[in-house]
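See below for the structure under consideration.
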Amino acid sequence: MSQIDRSLGRAAPAAPPADIAVSVRGVSKNYGDVQALENLSLDFPRGQLTSLLGPSGCGKTTLLKIIAGLIPASSGSVEVDGRPVEGPGPDRAFVFQDFALLPWASVLRNVAFGLELRGVARSEREDRAARYIREVGLAGFEQSFPHELSGGMRQRVGLARALSVDADVLLLDEPFSAVDEQTRRKFQEDMLALVETERKTFIFVTHSIEEAVYVSDQIAILLPRPSRVHEVIRPSISRGGGGNIRRDAEYLDIVDEIWASLRSYVE
Amino acid sequence: MPPLSEVVVTLLGLVTTPSFLDALATTAYAFWAGVIVAVVIGIPVGILMGRSRLLDELLLPWVNIFLSAPLTALVPVLMVLFGFGMRTIIITTTLFAIWIIILNARAGVKNINRSLVEMSRSFGATPLDAFFKIYVWAALPEILGGVRIGVIRAVKGVIIGQLLISIVGFGALFELYASNFLMAEFWAVLIVLFALAFTLSEFLAYLERKIAYYAASR
């Protein structure tokens, strides 16, 4: 059974998981007269993957960038491990929709770039980068340049870069929207494995309902104008074993249910 | 007009003479000093203009005015301000080269992919990190293009300086050969000058092509 909690972003979730890694409290964001986010509150349980799902313009990327400390909130606060976010920090790593790779640098340097900025010595950071390059399945491409790679491979570089800085929280901004459908499916499977092995908190922005239900422990549905949390869904799909998630009855039910609540907001 | 064969023979004899080598050294010194000053000031100013709206609005009209102004007409003013020596020739060279370098560096920064900047911030880059690891490299294709055109303009600047300010270097040779109707020598020096300018420009164009692979995919 899924526990659907119609919190509307105000009350705490009905059955909050004990350990909260990231907590967003009453965050609003205004661009001039336009209100991008209104009094939004949301908790992200540690070691789990939470999706921010919603139609375009619902402020999900804005919320992710506020959590990253890349843009300041107009009001409200974000806490990571109980410490307020005042800017980018080593406890969070970001994966960009357009990959954001340095086109003049090799895969190895790109993956090591986060560590380079943190002042890690060259040999150590290249060792660590090489390990994560293997982990994302790019072994042998260390000396290639981004323009020599396919879109899917480029995003693996972006993922390896975010993993190599060993942040507790991974922020992913529609990471698979610029790669083709088959690559995307492979990525989604890899994501599940990563959540399992890396024991990090993943916050994942997507506009794909299927993708969100497939990979998420918790899904926050955001609605636009003004942006707010419509509901928080915790699918209890069994991900262990060899069963195909996409044929799971619960998976199909939740996908339908989310579509029913979103369809009126899609023009 | 002397025939080309005569010019070539004169050229081969000329390039080993002490007076030619001396002129080459003097001109090269003024040229490189002027270019280096233009690059060292022009690139950071251009990058800062690309990043700061205020600085851009303050400086852009002036850069555009000086880019299109007939700088030769300014040389007498420079002589009044800075005297008749090598220093004024170097300043003239810099003034010919710097504006296009500034404008191109600025354009390079304006075209930068915003998410590269966000990426570096998210991984904790300081403003200095961002400048040297992101902005300079991202704008490099435009910067090199600007330096190439700036260098070509600097050749103009240094010769005009050496003709108008103090008659030294290649300027002195041109003056000497022209006033004595030594046309073969005159053309020989001109060909050497053209060849040097062309070689420099081609070298910079080669560097531009080497980084073209990422200019398209920024």
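The values are calculated or read from the model by the stated rules, or taken from the named source; none is laboratory data. A quick note: this is a predicted structure, and the numbers were derived from the prediction, not measured. Virtual Cβ from ideal backbone geometry, glycine too; neighbours counted across all protein chains shown. The accessibility values were calculated without ligands, DNA or RNA, using every heavy atom of the protein model including side chains. Shrake-Rupley method; radii C 1.70, N 1.55, O 1.52, S 1.80 Å.
Taking the condition in contact (Cβ under 8 Å) with a residue 24 or more places away in the chain and out of contact with any Lys or Arg (no Cβ under 6 Å at 6 or more places or on another chain), does B:Ile149 pass? Criteria met by B:Ile149.
Check whether at least one residue in the stretch A:192-200 is modelled with pLDDT of 90 or more and either surrounded by 16 or more Cβ atoms within 10 Å (Cβ to Cβ) or not basic (Lys, Arg) (or both), and report yes or no. No, the stretch A:192-200 has no match at all.
Every residue, every condition in (1) within 12 Å of the chain's Cα centre (by Cα); (2) assigned by TED's automatic domain parsing to the domain that holds A:Ser51; (3) of a type in the set (Gly, Ala, Ser), yes or no:
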| residue | (1), (2), (3) |
| --- | --- |
| A:Ala178 | no, yes, yes |
| A:Arg185 | no, yes, no |
| A:Glu189 | no, yes, no |
| A:Leu194 | no, yes, no |
| A:Thr197 | no, yes, no |
| A:Ala212 | yes, yes, yes |
| A:Gln218 | yes, yes, no |
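Can we say A:Asp81 is of a type outside the set (A, V, I, L, M, F, W, C) and closer than 27 Å to A:Ala178 by Cβ? Judged against the criteria, A:Asp81 is not a match. Considering only residues in the stretch B:112-139 that are more than 7 Å from chain A (Cβ to nearest Cβ) and of a type in the set (D, E, K, R), the one that is most open to solvent (accessible area, probe 1.4 Å) turns out to be B:Arg114. Checked against the criterion of being within 30 Å of A:Val266 (Cβ to Cβ), open to solvent by 30 Å² or more (accessible area, probe 1.4 Å) and within 14 Å of another protein chain (Cβ to nearest Cβ), the candidates A:Ile66, A:Ile71 yield just one match: A:Ile71.
Any residue at all in the stretch B:159-166 that's over 25 Å from B:Ile101 (Cα atoms) and away from every other protein chain (no Cβ under 14 Å)?
The answer is yes, given that some residue of the stretch B:159-166 is over 25 Å from B:Ile101 (Cα atoms) and away from every other protein chain (no Cβ under 14 Å).
Within the stretch A:97-112, restricting attention to residues that are open to solvent by 10 Å² or more (accessible area, probe 1.4 Å) and aliphatic (A, V, I, L, M), the residue that is farthest from the other protein chains (Cβ to nearest Cβ) is A:Leu108.
Taking the conditions (1) out of contact with any helix residue (DSSP H, G or I) (no Cβ under 8 Å at 6 or more places or on another chain); (2) at pLDDT 90 or above in turn, B:Ile102 satisfies each one other than (1).
Considering the stretch B:11-35 alone, what residues qualify as being farther than 30 Å from B:Ile98 by Cβ and open to solvent by 30 Å² or more (accessible area, probe 1.4 Å)?
Answer for the stretch B:11-35, where residues must be farther than 30 Å from B:Ile98 by Cβ and open to solvent by 30 Å² or more (accessible area, probe 1.4 Å): B:Leu11, B:Leu12, B:Gly13, B:Val15, B:Thr16, B:Thr17, B:Pro18, B:Ser19.
Residue check: is A:Phe145 at pLDDT 85 or above, aromatic (Phe, Trp, Tyr) and in the same structural domain as A:Glu38 (by TED's automatic domain parsing)? Taking the combined requirement at face value, the residue does not satisfy it. The numbered conditions (1) under 17 Å from the mean Cα position of the chain (by Cα); (2) without any contact (Cβ under 8 Å) to a residue 40 or more places away in the chain are all true for B:Phe181 except (1).
For the stretch A:113-142, what are the residues that are surrounded by fewer than 19 Cβ atoms within 10 Å (Cβ to Cβ) and within 11 Å of another protein chain (Cβ to nearest Cβ)? Residues satisfying the conditions are A:Arg118, A:Gly119.
Restricting to the stretch B:38-58, name every residue that is open to solvent by less than 60 Å² (accessible area, probe 1.4 Å) and of a type in the set (A, V, I, L, M).
Passing the criteria: B:Ala38, B:Val39, B:Ile43, B:Val45, B:Ile47, B:Met49, B:Leu55.
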